[in-house]
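Before any comments, here is the structure.
The values are calculated or read from the model by the stated rules, or taken from the named source; none is laboratory data. On a predicted model such as this, the values are computed, not experimentally measured, just so you know. A quick note on method: Cβ atoms are made from the backbone with ideal geometry, for glycine too, and the neighbour counts reach across all protein chains shown.
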Amino acid sequence: MALTTEDVRKVGTLARLALADDEIATITPQLNDLLDQFARLQQLDTTGVEPTSHAVPVKALLREDEITPSLSQAEVLRLTAHTDEIMSGFIVPQVLAGD
Amino acid sequence: MELVHLTASAIAAKVKAKEVTARAVTEAFLARIATHDESVGAFLTVMTGQALAQADAVDAKIAAGEDPGPLAGVPVALKDNMCTVGVETTCASKILKGFVPPYDATVVKKLQAAGAITIGKTNLDEFAMGSSTENSALKLTHNPWNLSKVPGGSSGGSAAAVAADFAPLSLGSDTGGSIRQPASFCGVVGVKPTYGRVSRYGLVAFASSLDQIGPFAKNIEDAALVMNVLSGHDPHDSTSVPQAVPDYTKALTGDIKGLRIGVPTEYFAAGIVPEIRILVQSAIGVLRGLGAEVGECSLPHTEYTLPAYYIVAPAEASSNLARYDGVRYGHRTQKATSHIDLFEKTREEGFGDEVKRRILIGTYALSAGYYDAFYLKAQQVRTLIQKDFEDAFQNFDVLITPTAPTTAFGIGEKTDDPLAMKLSDICTLSANLAGIPALSQCCGFDTHGLPVGMQLLGPSFSEELLFKVAHAYEQQTDWHTRRPVL
């Protein structure tokens, strides 16, 4: 089940990484080395074994809904380079087509 | 003895007894960093102004007759993946360069409330992904015992800082061995607490179900002292466990008579350098001499640890690192023509090779059609690995293994072979998957004069027991008192 360079390009798109061609050429065999290690897992019979997503069982606790101090909009925007003079928000490239 | 060579508890005692001011202590460590860190490269940021202001506040408290706290005047170095208000927090990544957090991590607040002086931010593998600190996009860190060797990783800067006497204590984070393996390479104590023992609030997330913050120290007493301060539930981290925190220093009695020590055979198999095997066996012999009962045991799913870990950790990382998109803070590409372009080019320019590899493998493992074969399977194997430990702890109180299969390797030696690099964590990954506590302490030196670490593992929330055993060993040996000459 080795990955091809095309597979890696596709996963790159899913991960929002604009990988360069030479980078893909280097990374593909490195990822396949790791996938070879994964193959060992398939030899193990795990029928009926419950998956563990968290090592320590922690129950979701309820608490009173109290207002506590949090950061203001000004504090949050003071720390970014991507805002305008009146600090109205984070400025990004146009998302919807214009005219 | 010079101030910089003292332990944390000795410094706190002197400061509280007014034998020395917190300012004098802080200045002594800042001077040592200024003289020697150019060759070691442990720090990304030295917090000179903030550290001196904190020291003055401690001195003012003492002058006013108030209790300055258990870590009065003790400098502590922080891995640069812990948020510090007003101080750049980079994760050693180009993508976070220039990010100044608006809040402190809970551990930082706790340290400062205990009178500690946060003296600087240390180097790491980018986003804590690596085993040598060579994946830092910002700096190279050298092992203080031999400057041509790596300090281990990912918390290499924090381990090197304690080994080099730049601070008597430091904090690291451990997702698969990132505290214990560099502690082993640098000849200091490194503790990975039970998952949930220490708050992760303000720790930049790598793999949320595996990450834990823990200390580096010169000896077990200091590690226990700082764990008293760090441990406990935090309302800001719902995975921190609401369980009472004992006084860990009370466990240091030296009495381990009748204690049952298990030696998992899989951890002494091929791949472990013979010299290390011999030194760890001889340390176990010292504990036997103190009245401990030693027996072999088996952790039969050990061979599946590496693949299970390298599915779970990258899967969680690929999700956690999705937030670095150039929209809010840190690096943003100058070449974007659309918002998708903004995400893709910012991430391509901002992340280093190892981070990209892990994002890719994690994204692949979670993608449609592969989820059951990889991620679900790895989670099932995680259950089996956890059960291996539960079974072993039926018969033994603690387990002892080598911390790493080798001593510190050469700078550049494994950078072209990511899989060989990952094998450096083969002894430490399982504790994170199982969530159990583990520590590394020095148990000797190899023929090249490099430190060797031994790992102690216990059931969840058995930190007291680990400290008791490690401290008993420390009383019989002087490895922990040896320091590199810079």
Subset of segment B:298-349, residues assigned to a helix (DSSP H, G or I), within 7 Å of another protein chain (Cβ to nearest Cβ) and within 18 Å of B:A205 (Cα to Cα), comes to B:Y310, B:I311, B:S318, B:R347
Within segment B:210-243, restricting to residues that are more than 13 Å from the chain's Cα centre (by Cα) and of a type in the set (D, E), the one that is nearest to B:S158 (Cα to Cα) is B:D222
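Considering only segment B:443-480, state which residues are in a helix (DSSP H, G or I) and more than 18 Å from B:V280 (Cα to Cα). Even if it seems obvious, please write down each step before you answer.
Taking segment B:443-480 first, the residues in a helix (DSSP H, G or I) are B:463-476, B:479-480.
Selection gives B:E463, B:E464, B:L465.
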Over segment B:211-248, the set of residues aliphatic (A, V, I, L, M) and either more than 13 Å from chain A (Cβ to nearest Cβ) or surrounded by 24 or more Cβ atoms within 10 Å (Cβ to Cβ) (or both) is B:I213, B:A217, B:I220, B:A223, B:A224, B:L225, B:V226, B:M227, B:V229, B:L230, B:A244, B:V245
Only unsatisfied item for B:R200, checking (1) part of a loop (DSSP other than H, G, I, E, B); (2) basic (K, R); (3) over 20 Å from B:C91 (Cβ atoms), is (3)
Qualifying residue in segment B:23-38 (condition: of a type in the set (A, V, I, L, M, F, W, C) and in a loop (DSSP other than H, G, I, E, B)):
no
Checking B:K121, B:K139 in turn, the sole residue that is more than 14 Å from chain A (Cβ to nearest Cβ), touching a Ser or Thr at 6+ places or on another chain (Cβ under 7 Å) and within 21 Å of B:V87 (Cα to Cα) turns out to be B:K121
Picked from segment B:400-438 (must be touching a Phe, Trp or Tyr at 6+ places or on another chain (Cβ under 8 Å) and away from chain A (no Cβ under 14 Å)), the residue surrounded by the fewest Cβ atoms within 10 Å (Cβ to Cβ) is B:S424
Checklist entry - Mind checking whether some residue in segment B:175-195 is surrounded by fewer than 24 Cβ atoms within 10 Å (Cβ to Cβ) and in a helix (DSSP H, G or I)? => result no
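Give segment B:397-418 a look and list any residue that's among the acidic types (D, E) and modelled with pLDDT under 95, or say none.
Correct list: B:D416, B:D417.
Per-residue answers, yes or no, for (1) closer than 24 Å to B:F99 by Cβ; (2) under 12 Å from the mean Cα position of the chain (by Cα); (3) touching a residue at least 40 places away in the same chain (Cβ under 8 Å):
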residue	(1), (2), (3)
B:T118	yes, no, yes
B:S131	no, yes, yes
B:G157	yes, yes, yes
B:A160	yes, yes, yes
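Condition check ((1) free of Cβ contacts under 8 Å to residues at least 40 places away in the same chain; (2) touching a Gly at 6+ places or on another chain (Cβ under 6 Å); (3) on the phi < 0 side of the Ramachandran plot; (4) polar (S, T, N, Q)) across all residues:
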site	(1), (2), (3), (4)
B:T175	no, no, yes, yes
B:R180	no, yes, yes, no
B:V189	no, no, yes, no
B:T194	no, no, yes, yes
B:V198	no, no, yes, no
B:F206	no, no, yes, no
B:P215	no, no, yes, no
B:D222	no, no, yes, no
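State which residue is farthest from B:T337 (Cα to Cα) when the search covers only segment A:88-99 and only residues that are at the interface with another protein chain (Cβ under 7 Å from one of its Cβ atoms) and hydrophobic (A, V, I, L, M, F, W, C). Please lay out each step first, then the result.
Going through segment A:88-99, the residues at the interface with another protein chain (Cβ under 7 Å from one of its Cβ atoms) turn out to be A:90, A:92-93, A:95.
From what's left, hydrophobic (A, V, I, L, M, F, W, C): A:90, A:92, A:95.
Numbers: A:F90: 17, A:V92: 10, A:V95: 10 Å.
Only one residue tops the list, namely A:F90.
Please specify each residue of segment B:350-372 satisfying the condition of being at the interface with chain A (Cβ under 7 Å from one of its Cβ atoms) and either touching a His at 6+ places or on another chain (Cβ under 8 Å) or not basic (K, R) (or both). Before you say what the answer is, go through the steps one by one.
Looking only at segment B:350-372, we keep the residues that are at the interface with chain A (Cβ under 7 Å from one of its Cβ atoms), and these are B:356-357, B:359-361, B:363-364, B:367.
If the condition is that a residue be at the interface with chain A (Cβ under 7 Å from one of its Cβ atoms) and either touching a His at 6+ places or on another chain (Cβ under 8 Å) or not basic (K, R) (or both), then B:I359, B:L360, B:I361, B:T363, B:Y364, B:S367 are the ones that fit.
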Taking first residues from segment B:50-77 that are at positive phi and second residues anywhere that are polar (S, T, N, Q) and not in a helix (DSSP H, G or I), the pairs with Cβ under 8 Å that are 6 or more apart or on different chains are B:G73/B:T21
Restricting segment B:373-395 to residues that are more than 7 Å from every other protein chain (Cβ to nearest Cβ) and of a type in the set (D, E, K, R), the one surrounded by the most Cβ atoms within 10 Å (Cβ to Cβ) turns out to be B:D388
Self-check item: Check on B:V286, closer than 25 Å to B:C91 by Cα, of a type in the set (V, I, T), away from chain A (no Cβ under 14 Å) and touching a residue at least 40 places away in the same chain (Cβ under 8 Å)
Solution: no
Within segment B:404-442, the count of residues that are touching a Pro at 6+ places or on another chain (Cβ under 8 Å) and either among the aromatic types (F, W, Y) or not in a strand (DSSP E or B) (or both) comes to 9
Matching residues in segment B:226-245 (in a loop (DSSP other than H, G, I, E, B), among the aliphatic types (A, V, I, L, M) and within 26 Å of A:S70 (Cβ to Cβ)) number 1
Of the residues in segment B:117-172, those that are among the basic types (K, R) and buried (at least 24 other Cβ atoms within 10 Å of the Cβ) come to B:K121
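Going through B:Q394, B:Q379, B:Q386 one at a time, which residue ends up being within 18 Å of A:Q43 (Cα to Cα) and modelled with pLDDT of 95 or more? Let's see the steps before the verdict.
Working: B:Q394 fails: within 18 Å of A:Q43 (Cα to Cα); B:Q386 fails: within 18 Å of A:Q43 (Cα to Cα).
The conditions single out B:Q379.
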